[in-house]
Amino acid sequence: MSHIEKTIATIQSAFPGAIQEVIEFRGETTVVIASDLLVDVCRRLRDDAELDYNVLADLAAVDYWPAEPRFAISYLPYAMQRNARFRLKVFLPGKTPNAETVSTVWPSANWQEREAYDMMGIKFNGHPDMRRILMPADWEGHPHRKDYPLGYEEVQFSFNIEEIDKRKKYAKS
Amino acid sequence: MTQVHELEATVDELKHLFSERAEAGETTLLNLGPQHPSTHGVLRLMLELDGEEVVRCVPDIGFLHTGIEKNMEAKTYLKALVMTDRMDYLNNMGNNLTYCLAIEKLVDVEVPERAQVLRVICAELQRIASHLVWLGTSGIDLNASSMLLYCFREREHILDMFEMISGQRMMTSYIRPGGVWRDVPAGFVPAVKDFLAYMPAKLDDYERLLTKNPLFLGRTVDVGILEPDYALAIGATGGTLRGSGINYDVRRAMPYSGYANYDFDVPLEDGCDVYARYRVRMREFRESLKIIEQAIGRLKPGPVMTEDRKVAPPPRSELSQSMEALIHHFKLWTEGFSAPDGEVYLATESPRGELGCYLVGDGGPKPRRVHFRTPSFLNLQALPHLGEGYFVADLVASIGSIDIVLGDIDR
């Protein structure tokens, strides 16, 4: 029994009904779990001496717009002693994308959750410092969402220069 | 008036980051950067100082954010490759490699043996070039100004070799999905061999200048302590983690491109300070040279690009003779190749640590999501811990020792 199989069995017995789906793809295991049990599962993964997931290798948010549930967060716990990692995934609804913070379990999630908030607009409850990290503090919107335009510059001609100028944000005289 | 309100709100948001003594006016708030040479790019540090001692250190990043991940979603897999060059601008080959390995895993492509060996040579040359910039710039931070001149002299040899194989000194885009762009020219292998003969003596020179230099020791020993437990919790990787005695190297833990077959050591130091991280990287120079030497011996003639015509373009000569080749050529350069609806994560050991690429396909020719887990981003999280309680000058030594690249952090 590999370490990842053992992990899945442990989650299944400790949190019945938490696992919604297990996906195998290209040798990687993705475990989709219910978002309300996320922190409990993560704490168990770290604290259980048998499992020993002491590092969070990565955290990334994905936008599945226009599908619903729209957002997903992929966590990548890593058991360094056993050299095993798998993907833990939660789905969040598009209207209220809120998740509990795992920075209390793995402090490295602090900045990565701030990035997910800044870029995708996912709020992490209980996060110690939920500010924007990459964009300026007064930025409007969350640039990495699929419905956020890439922001090409509109070409100004003499017939439409005033119309485009009106929409621009810089100070007008 | 609305402007003023917004600004006040921002200051309130920042209050919890500093101690109460700052509000009472006992301590000084100071901005270090973003335009300051010792912050290695455009890093801004908000410092709370008690005299010259750092009480709180709050990094502010994002000045180099260019939306690379967002832009890659709007491009086909192949066209997005050039953007990876511009992320970590000292590890261009490594970024290309990480992205290409992730694509190859997602669409399930085999890479020919010769291409894999060339990739290893490029990645290790890039590691040496990156470490040379680290040694030069962190040397200049600690007033060893001559280091920068020596290191950039040696780095020029490596950049010349990159120019030889890809036409570019830095933004190479040499490693492509399925292999490498073209086979190396005849002069490449002799140039690498010359470099292998040239470099060890130079490394001895650097060590003679720094390793036992009392001024350098005074600035680095017992400065910027990073405890092993804290380093793991905060997600530090690479030389920053190995300087705290934890044996984690992606080339060993999850070998890629045939690294499992090379004989090399993972340097470890348990000093946990700036000096330990310096010692680790100095030894990594020699390990990289060792790997390149083995790789040169394994360089056998053969194809450098996969035969899978869905991913790699057909040779130009086939276009006028084969209908299929023409169709493949046209499809590849207009629509691109499609990747399945799945997700992969692939990590490589960049000069700074674990560089991961999380790639989500949606069945079409453009990725749904590309996320880079960049080592500098997580290593920089350790900086407040490294700097607080030390002098400002020691904080500068700590910044140099975690070897950050702001392009890698902000993407």
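Just so you know, all these numbers are worked out from the coordinates, no wet-lab data involved. The structure displayed is predicted, hence computed values, not measured ones. Here Cβ is always computed from backbone atoms with ideal geometry, including for glycine, and neighbour counts include all displayed protein chains.
Summary table
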quantity	calculated
Equivalent ellipsoid, the protein assembly as shown (semi-axes from 5 times Cα gyration tensor eigenvalues, Å)	35, 33, 27
Unit charges at the beta carbon, dipole of chain B: most positive-side option, B:Tyr206, B:Leu106, B:Ser138	B:Leu106
Residue mean of other protein chain beta carbons inside 10 Å, B:251-257	1
For chain A, built as a Gaussian network whose Cα springs stay under 10 Å, the top-fluctuating residue of A:Phe15, A:Phe124, A:Phe71	A:Phe15
Segment B:Ser19-B:Glu156, length gained on full extension (0.36 nm per residue, minus Cα span)	44.7 nm
Förster radius 35 Å - calculated FRET efficiency between B:Met171 and A:Tyr148, Cβ distance, rounded to 0.05	0.80
Average Cα contact separation per residue, chain A, under 8 Å, 6 or more apart, as relative contact order %	16
Estimated distance in nm for a label pair at B:Phe391 and A:Glu163, the labels positioned 7 Å out from Cα along Cα-to-Cβ	6.4
Average partner coverage of A:130-139, which counts Cβ from other chains inside 10 Å	5
Mean Cα-pair separation over length for chain B, i.e. relative contact order, pairs under 8 Å, 6 or more apart, %	25
Simple Cβ-charge dipole of the stretch B:213-301, Lys/Arg +1 and Asp/Glu -1, about Cα centre, in debye nearest 20	460
Stokes-Einstein D for chain A, Kirkwood Rh over Cα pairs, 20 °C, 1.002 mPa s (µm²/s)	118
Descending semi-axes in whole angstrom, ellipsoid equivalent of the stretch B:34-88, from the Cα gyration tensor	35, 11, 7
Rg ratio (alpha-carbon, reference 2.2 N^0.38 Å) - chain B	1.06
Theoretical ellipticity at 222 nm over chain A - DSSP helices of four or more residues, -39500 (n - 2.57) apiece, nearest 500	-7000 deg cm²/dmol
Most fluctuating residue given options B:Glu52, B:Glu154, B:Glu269, as computed from a GNM of chain B linking Cα atoms under 10 Å	B:Glu52
Euclidean distance of C-alpha centroids, the stretch B:178-254 and the stretch B:353-385, integer Å	22
Percent of alpha-carbon pairs separated by more than 26 Å within the stretch B:28-180	42
Unsatisfied cross-links (Cα-Cα over 25 Å) in the set B:Lys193/B:Lys310; B:Lys331/B:Lys366; A:Lys123/A:Lys168; A:Lys166/B:Lys15; B:Lys105/B:Lys290	B:Lys193/B:Lys310; A:Lys123/A:Lys168; A:Lys166/B:Lys15; B:Lys105/B:Lys290
Difference of contour (0.36 nm per residue) and Cα-Cα distance, B:Asp12 to B:Lys331	109.3 nm
Positive-end extreme of charge dipole, chain A - chosen from A:Phe159, A:Met120, A:Gly94 (charges on Cβ)	A:Phe159
Amide proton proximity set for B:Leu29, modelled H, under 5 Å, gap of 5+	B:Leu49
Other protein chain Cβ atoms within 10 Å, averaged over every residue that makes up B:228-239	4
Positive dipole terminus of the stretch A:3-167, leading residue within A:Val31, A:Ile11, A:Pro69 (C-beta point charges)	A:Ile11
Amide H within-cut-off set for B:Arg56, under 5 Å, with H built and near neighbours excluded	B:Glu48
Dipole magnitude of the stretch A:7-155 about its Cα centre (Cβ charges: Lys, Arg +1; Asp, Glu -1), debye to nearest 20	240
For peptides B:69-78, B:251-260, B:313-322, sequence by mean Cβ density within 10 Å, most packed first	B:69-78, B:251-260, B:313-322
Segments A:128-135, B:199-206 sorted - mean Cβ within 10 Å per residue, highest first	A:128-135, B:199-206
Relative contact order of the stretch B:34-137, pairs being alpha-carbon contacts under 8 Å that are 6 or more residues apart, as %	16
Rounded to the nearest 20 debye, dipole of the protein assembly as shown from Cβ charges on Lys, Arg, Asp, Glu	1500
Structure-based [θ]222 nm, chain B - -39500 (n - 2.57) summed over DSSP H runs of at least 4, per residue, nearest 500	-15000 deg cm²/dmol
Zone of A:Lys123's modelled label, taken as backbone nitrogen in the stretch A:20-61 under 20 Å from a point 7 Å along Cα→Cβ	A:35-39, A:61
